[in-house]
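Comments concern the structure below.
The values are calculated or read from the model by the stated rules, or taken from the named source; none is laboratory data. Given the structure is predicted, the values throughout are model-derived calculations rather than measurements. Please note: Cβ atoms are built from the backbone with ideal geometry, for glycine as well, and neighbour counts cover all protein chains shown. Ligands, DNA and RNA are stripped out before the accessible areas are found, and what is left, the full protein with its side chains, is counted by its heavy atoms. Shrake-Rupley method; radii C 1.70, N 1.55, O 1.52, S 1.80 Å.
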Amino acid sequence: MSRGTWICWAAAAVGVCAVVAAFAASSTRVGEGFAFGFGAFIVFFGVLSVFAHTRAPDYWGLVVVGLAMFIVPFLGNGYAYDLGASWTCWVAGALAMILGGVGWTQEKAHTGDRINEIGDNQGLRSAWSFWIGRTALFVGLVTVLMGVALHSTAAGTAVTVGFGAMMAVIAVWSLLAVDPTHDFLTLAVVGLALFLSPWVGGFADSGSAWTAWVSGALTTALGVAGYLRGERLDFATVVRDDSAARYRKRFR
């Protein structure tokens, strides 16, 4: 078994168990839906990391999803009264956070010296790009919390929590990326989808609608600003040329 692969398969197994438990142990539709959704995300990141060369973004995804999964039953009365779904989220969420944290630590230790010395690092990124990523992460997490706390329709809650979690994960990827340009584009697409969702999903008159509109608009603006700036500066070419120059300097 290659380095770190056990973490990937362990995470996938945790997710599969959470999905099964969501249907077998839940007593409410809300608890079943959340446990199933978060469990599916854990499976996704676990399996995806098996095939990834650089697994740090997938490990961070496990941390973010695990954290959200762990805290949701407590928020706004959540579904803590559904003990089956709650314990599924608490156990699976905690394990996902632990596995993701351990995996990220190992990945950083293994790749830090080798890659950074050649030049595949974040040294060329501007403070502006980091600010966009951090702000988008904050907006995504707040969207998840608001989606759970507000009394809304099932569709409104599911959409705001789901898209909020996606925005948080993409924001983390943009913070870890050498070139975050395409992460910002993805962020803009998700933000626009969230902004349109109250009309598409039929919950424009519910409490989640304003959360979707405000968070979607902010995320779309952040993503578009980051993407256009990266494209205008042709950041991908700059990073590639810098890495090639460092490689020639070191090995030739």
### Query
Ranked from highest to lowest mean number of other Cβ atoms within 10 Å per residue, what is the order of the peptides 188-200, 55-67, 207-219?
55-67, 207-219, 188-200
### R0 of 41 Å, Cβ-Cβ distance Leu228-Leu83: FRET efficiency to nearest 0.05
0.25
### Message
Could you report the accessible area of Met97 in Å², rounded to 10, computed with a 1.4 Å probe on the protein chains as they sit in the structure?
### Response
50
### Using a Förster distance of 35 Å, the FRET efficiency for Ala52-Phe74 (Cβ separation, nearest 0.05)
0.65
#### Entry: Kirkwood Rh and Cα Rg combined as Rg over Rh, evaluated for segment 1-110
1.02
#### Entry: Using distinct alpha-carbon pairs, which all enter the 1/r mean, Kirkwood radius of segment 143-195 in Å
11.6
